[in-house]
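To start, the structure under review is shown below, and the notes come after it.
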Amino acid sequence: MSDAPHRRFAADARSLLGLRKALLAVSGGPDSIALMHLAAHWAQTAPGAPVLAVATVDHALRPESGAEAAKVADWAATLGLPHTILLWQGEKPSQRIQEAARDARYALLVDHARAIEADALVIAHHADDQAETVLFRLTRGSGIAGLAGMARVSQRRGLPLHRPLLDWRKAELLAFCAGEGLAFLEDPSNADPKFARARLRRLGVHLEQEGLDADALNRLAGRAARADAALASLTEKAEERLDPNFDGASCRLAAKALMTEPEEIALRLLGGLIRRVGREARLRFDRLESLGARLREAVVRDEVFVATLGGVLLRLDSAGQLTLSPAPARRGGGKSPGLDADNGKS
């Protein structure tokens, strides 16, 4: 096998240099198996590379999942990498199982990374995953931030998450595994039409015929990421101008000044304040838009306004001051009612 894949990975893994320890998330599929072998070779040869550890999440959704996780442990051992199986325990939901499994997977991986004092989590997401993510979000009417797709380096509950394979196509990773003679596992759920992403993969064949292939979707992601970065910079400057006043867990600012900002900037600023006060990582963009529209209308009409979103109570008083504070709990332990007391994903 040519040394080119290893040289390419060395360039893509530069963000990991200087870290003390990194945890590789390896499911056993061809993408993560390629990641494990590329990273193991790189760590042995690159000055400043971190110590590597491997973890596999056993979702316990199929009878054979435990044996498959054990097989990944054996493959990691041949590379001299310590391996841990993380079991998703407890009752599994009957709906939105893939979303629940993803959230559980990341929770287990982040907790384990912290337990072993790893500085970062490394995931095998690649260019086809990125294209699929953009298409998935496009079908759900995502905003610019969503269409930017996955970042090469992001955060998950404060832990850096690296994706060094984000420019690699799936076919390239399969070719690497074939060239190296690497065995891997196949997850049957990837082709199960009851899951949205599996249906999108089938649809992708037809979209490619119209020019909307993985390369086009990845270009869209790159352009959206560039626009998102510019909007984020403008939002930061707007917050400096408005200078919201934080008092303990609450925040106050002049609503009319907020609404003089371009609508996208005002929404981003408002969403950021809601996440900060409510300590929630994600807000559904359509619900933030709905709240922003109602708030803007109240400001124009000089009306008072009360709503909740993301566990935050928003109050616009007669003097035009907008206050954001943690929403009081309802009887029964839920959040207080309002425009939206549910927290979803963007």
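The values are calculated or read from the model by the stated rules, or taken from the named source; none is laboratory data. Keep in mind that what you see is a predicted model, and the values were worked out from it rather than measured. Every residue, glycine among them, receives a Cβ derived from its backbone with ideal geometry; neighbour counts consider all protein chains shown. Areas reflect the complete protein model, heavy atoms only, side chains present, ligands, DNA and RNA absent. Shrake-Rupley method; radii C 1.70, N 1.55, O 1.52, S 1.80 Å.
Data table
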quantity	calculated
Unmet requirement for residue 7, which otherwise passes all of (1) open to solvent by less than 50 Å² (accessible area, probe 1.4 Å); (2) assigned to a helix (DSSP H, G or I); (3) out of contact with any Cys (no Cβ under 9 Å at 6 or more places or on another chain)	(1)
Residues (more than 21 Å from the chain's Cα centre (by Cα) and under 19 Å from residue 84 (Cα atoms)) located in region 1-27	20, 21
Scope region 277-309; condition farther than 20 Å from residue 263 by Cα and out of contact with any strand residue (DSSP E or B) (no Cβ under 7 Å at 6 or more places or on another chain); matching residues	279, 280, 281
Residue ID - nearest to residue 205 (Cα to Cα), chosen from residues in region 108-127 that are out of contact with any Phe, Trp or Tyr (no Cβ under 9 Å at 6 or more places or on another chain) and in a helix (DSSP H, G or I)	109
Residue within region 13-26 that is open to solvent by 50 Å² or more (accessible area, probe 1.4 Å) and of a type in the set (A, V, I, L, M) present	yes
First in region 152-180 and within 27 Å of residue 108 (Cα to Cα), second anywhere and part of a helix (DSSP H, G or I) and hydroxyl-bearing (Ser, Thr, Tyr), Cβ under 9 Å, 6 or more apart	152/15; 153/15; 156/106; 157/106; 160/15; 161/106; 162/15; 164/15
The listed residue being of a type outside the set (Val, Ile, Thr) and on the phi > 0 side of the Ramachandran plot, out of 117, 99, 172, 91	117
Neighbours by Cβ (under 6 Å, 6+ apart or cross-chain): first from region 107-128, at pLDDT 95 or above; second of a type in the set (A, V, I, L, M, F, W, C) and open to solvent by 40 Å² or more (accessible area, probe 1.4 Å)	119/19; 120/19
Check on residue 72, under 20 Å from residue 152 (Cα atoms), open to solvent by less than 70 Å² (accessible area, probe 1.4 Å) and β-branched (Val, Ile, Thr)	no
Tabulated pairs, region 81-94, first in a loop (DSSP other than H, G, I, E, B), second among the charged types (D, E, K, R) and at pLDDT below 95, C-beta under 9 angstrom, 6+ apart or interchain	93/99
Identity of the residue in region 185-204, open to solvent by less than 70 Å² (accessible area, probe 1.4 Å) and either part of a strand (DSSP E or B) or of a type in the set (A, V, I, L, M, F, W, C) (or both), that ends up modelled with the lowest pLDDT	191
Residue identified as in a helix (DSSP H, G or I), of a type in the set (A, V, I, L, M), farther than 19 Å from residue 176 by Cβ and touching a residue at least 40 places away in the same chain (Cβ under 8 Å) among 34, 40, 69, 77	69
Filter result for residue 49 (open to solvent by 10 Å² or more (accessible area, probe 1.4 Å), farther than 20 Å from residue 75 by Cα, outside any loop (DSSP other than H, G, I, E, B) and without any contact (Cβ under 8 Å) to a residue 40 or more places away in the chain)	no
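For every residue, the table says whether it meets (1) open to solvent by less than 60 Å² (accessible area, probe 1.4 Å); (2) aliphatic (A, V, I, L, M); (3) under 15 Å from residue 325 (Cβ atoms).
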position	(1), (2), (3)
225	yes, yes, no
233	yes, no, no
252	no, no, yes
260	no, no, no
279	no, no, yes
296	no, no, no
306	no, yes, yes
309	yes, yes, yes
